[in-house]
Amino acid sequence: MTQTSFTPRVFSGIKPSGGLQLGNYLGAIKRFVGIQGSMETIYCVVDLHAITVWQDPKDLANGTREVAAGYLAAGLDPAKSILFNQSRVSAHAELAWIFNCVARVGWMNRMTQFKDKAGSNAEKASLGLYAYPSLMAADILIYHATHVPVGEDQKQHVELTRDIAAKFNHDYGVDFFPMTEPVIDGPATRVMNLRDGTRKMSKSGESDMERINMLDDADTIARKFRKAKTDPEPLPETVEGLTTRPEARNLVEIYAALDDTTPEAVIAQYPGAGWGTFKPALADLAVAKLAPISTDMARFMADPAEIDRILAQGADKARAIAAPILQKTHDIVGLLRG
Ligand code: ATP
Ligand code: MG
């Protein structure tokens, strides 16, 4: 398939499925801020994805505002990026239905996130959880987004987005949807659970001790790092010494991402350091970087009407981009509209 040139445009989102955690910040939000200004950027609070598992309605509304507050506090600027919540722009759900008819059941069956989230009780999972990647493809492609900054766990879903775009283009004989690139870079594309270095840190993980929340206070952050699981060995002298030590590697990568440096530089700063030295240094760094953001988040959260106003204005801008793309999709498919 030859790809015509699409205007560079970034789309990404975070689910309001619980409080923001450090992985969301380092793997997503901090990188969203880094891209802002270099091209058009659209950042969404993906509330329709959150309800693929049960959400208490009151918590969902607050959670949506909390993710928005996180975006704003971390430096996303409504004058530079389009910030909105997904359910306000119905074109996402409309395009998702069309993509449900393009994507194949066999593709969905290969999605590891569904297997992880549905667990052993897949029969009882919602149909929405299963179809989630098709809605995610619609989130991206309704804006013809060319770049999607995400954590490593979302790579498979962005690849599926490309498969859906390619099949749509092929089936209808058009070159309408772009081949979106996942953007997965930096030292913290997969922040691991503090209690189990083989699982990623998640908002919805069961124990609070396994993650650093964006709104944790300094004492809580220090305690969680102190209790973080590690092997008994001190840090190695070179970064190669981390390859078979997932928990140690995770803490070094978190340090590197917070300090805008590399794991190599962190090891060079703390060669052979014991955990009694490194963990408190990491906690101090995390508090120094996160405290200003959490203070600002609290300030935004104290004015929910202002957050709602920003989200509503962002939705108006998003709708204006999505509407002609949805119209053209309907025309291509032969659905009467307008
Ligand atoms: P949930 O447990 O409900 O799935 P989550 O913490 O995984 O929540 P998502 O809303 O699914 O958060 O993901 C939002 C963004 O944050 C995505 O780009 C995802 O890749 C990124 N992300 C989530 N967890 C991590 C992590 N541990 N390390 C790096 N990036 C992450
Ligand atoms: Mg997730």
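Counting pairwise Cα distances across the range 6-154, what percent come out greater than 25 angstrom? Intermediate results must be reported in sequence, preceding the final value.
Values: 2960 of 11026 pairs.
When every Cα pair of the range 6-154 is considered, 27 percent fall beyond 25 Å.
Would you kindly find the accessible area of H147, with a 1.4 Å probe and non-protein molecules such as ligands, DNA and RNA excluded, rounding to the nearest 10 Å²?
Surface open to solvent at H147 totals about 50 Å².
Compute the separation of the alpha-carbon centres of the range 18-76 and the range 92-163 and state it in Å as a whole number.
Cα centres, the range 18-76 to the range 92-163: 18 Å.
When the Cα centres of the range 274-295 and the range 172-249 are compared, how far apart do they sit, in Å?
With the range 274-295 and the range 172-249 each reduced to a Cα centre, they are spaced 15 Å.
Mean separation of Cα pairs under 8 Å and 6+ residues apart, divided by the residue count of the chain: what relative contact order is that in percent?
On the way: 521 pairs, mean separation 78.4, N = 338.
It comes to 23 percent, rounded to a whole number.
What are the residues whose amide H is under 5 Å from the amide H of K200, where those residues sit 5 or more places off or on another chain and H is modelled from the backbone?
Residues meeting the criterion, in which the H sits 1.01 Å from N, are N193.
Taking K229 as the anchor, which lysines have their alpha carbon closer than 19 Å to its alpha carbon, excluding any fewer than eight residues away along the same chain?
Once the sequence-local lysines are set aside, what remains near K229 is K200, K203, K279.
Quick check: convex hull over the Cα atoms of the range 209-296, volume per residue in Å³, rounded to an integer?
Details: hull volume 7.1 nm³, N = 88.
Cα convex hull per residue, to the nearest whole number: 81 Å³.
When the gyration tensor of the range 1-88 is built from Cα positions, what are the square roots of 5 times its three eigenvalues, in whole Å, from largest to smallest? Provide the component values of the computation, followed by the final result.
Numbers: eigenvalues 119, 50, 26 Å².
Ellipsoid half-lengths, sorted descending, are 24, 16, 11 Å.
Starting at the first residue of the range 93-100, write each ³J(HN,Hα) from the Karplus equation 6.51 cos²θ - 1.76 cosθ + 1.60 with θ = phi - 60°, in whole Hz, x for Gly and Pro.
Along the range 93-100, the couplings run 5, 5, 5, 4, 5, 4, 5, 4 Hz.
Going by a ≥ b ≥ c, the root eigenvalues of the Cα gyration tensor, does the range 260-326 fall in the rounded group (a/c under 1.5), the prolate group (a/b larger than b/c) or the oblate group? Can you show the working numbers first?
Values: a/c = 6.45, a/b = 2.16, b/c = 2.99.
Since a/c reaches 1.5 but b/c is at least a/b, the shape of the range 260-326 is classed as oblate.
Stokes-Einstein at 25 °C, 0.890 mPa s, Kirkwood radius from Cα pairs: D for the range 75-203 in µm² s⁻¹?
152 µm²/s
Which whole-Hz couplings ³J(HN,Hα) result when phi for each residue of the range 61-78 is put into the Karplus expression 6.51 cos²θ - 1.76 cosθ + 1.60, θ = phi - 60°, listed in order with x for Gly and Pro?
Values, residue by residue: 4, 5, x, 5, 5, 5, 5, 4, 4, x, 4, 5, 5, 7, x, 6, 10, x Hz.
Based on the Kirkwood radius over alpha-carbon pairs, what is the Stokes-Einstein translational diffusion coefficient of the chain at 4 °C with 1.567 mPa s viscosity, in µm²/s?
On the way: Rh = 20.9 Å.
The diffusion coefficient I find is 62 µm²/s.
Take the alpha carbon gyration tensor of the range 174-213, find the square roots of its eigenvalues, order them as a ≥ b ≥ c, and report rounded if a/c is under 1.5; if not, report prolate when a/b exceeds b/c, else oblate.
Numbers: a/c = 4.12, a/b = 2.62, b/c = 1.57.
Note, shape of the range 174-213 comes out prolate.
With θ set to phi - 60° and the Karplus curve 6.51 cos²θ - 1.76 cosθ + 1.60, what are the ³J(HN,Hα) couplings of the range 105-118 in order, to the nearest whole Hz, using x for Gly and Pro?
4, x, 5, 4, 5, 8, 6, 6, 4, 4, 4, 4, 6, 6
Please list, ordered by chain and number, the residues whose modelled amide H lies under 5 Å from the amide H of G13; skip anything fewer than 5 residues away on the same chain.
Distant-sequence amide H within range of G13: C44.
Just to be sure I follow the definition: excluding the sites themselves, where is the longest run in the chain that has none of the GluC sites (Glu not before Pro) in a DSSP loop with at most 13 other Cβ atoms within 10 Å? It would help to have the intermediate numbers written out before the result.
Details: sites that count: E206, E237.
The segment 1-205 is the longest one with no such site.
Mind listing which trypsin sites (Lys or Arg not before Pro) in the range 189-286 are in a DSSP loop and have 13 or fewer other Cβ atoms within 10 Å?
Here the sparse-neighbourhood loop sites are K227.
Give the aspartates and glutamates whose C-alpha is closer than 18 Å to that of K289, dropping any in the same chain fewer than 8 places away, or say none.
In chain and number order, the partners are D216, D217, D219, E253, D259, D260.
Report L285's accessible area, 1.4 Å probe, all protein chains in place, as a number in Å² to the nearest 10.
Accessible area, nearest 10 Å²: 20 Å².
With each run of n ≥ 4 DSSP H residues scored as -39500 (n - 2.57), what mean residue ellipticity at 222 nm is computed for the chain after dividing by its residue count and rounding to the nearest 500 deg cm²/dmol?
Values: 13 runs with 169 residues, N = 338.
Calculated from helices alone, the mean residue ellipticity at 222 nm is -16000 deg cm²/dmol.
Just the number please: accessible area per residue for the chain, 1.4 Å probe, all protein chains included, in Å².
Details: 15040 Å² over 338 residues.
For the chain, the per-residue accessible area is 44 Å².
Thinking of the range 43-102 as a set of Cα atoms, what percent of all their pairs are more than 12 Å apart?
Working: 1251 of 1770 pairs.
Everything past 12 Å amounts to 71 percent.
Testing the spin-label approximation: label points 7 Å from Cα along Cα→Cβ at E240 and R199. State their distance in nm.
Each label point is offset 7 Å from its Cα along the Cβ direction, giving 3.4 nm.
Starting from the coordinates of the alpha-carbon atoms of the range 87-161, obtain the Kirkwood hydrodynamic radius over all distinct pairs and give the value in Å to one decimal. If you can, show how the numbers build up before the last one.
Values: mean 1/r = 0.0773 Å⁻¹.
Its Kirkwood hydrodynamic radius stands at 12.9 Å.
Just the number, please: carbon plus sulfur as a percent of the accessible area of the range 122-255, 1.4 Å probe, no ligands or DNA/RNA counted. Intermediate values should be presented prior to the final figure.
On the way: 2820 of 5760 Å².
The value for the range 122-255 is 49 percent carbon and sulfur by accessible area.
The values are calculated or read from the model by the stated rules, or taken from the named source; none is laboratory data. Predicted model only: the values in this text are computed from it and were never measured. Reconstructed Cβ throughout: ideal geometry from the backbone, glycine too, with neighbour counts over all protein chains shown. Note: areas computed on protein heavy atoms with side chains; ligands, DNA, RNA excluded. Shrake-Rupley method; radii C 1.70, N 1.55, O 1.52, S 1.80 Å.
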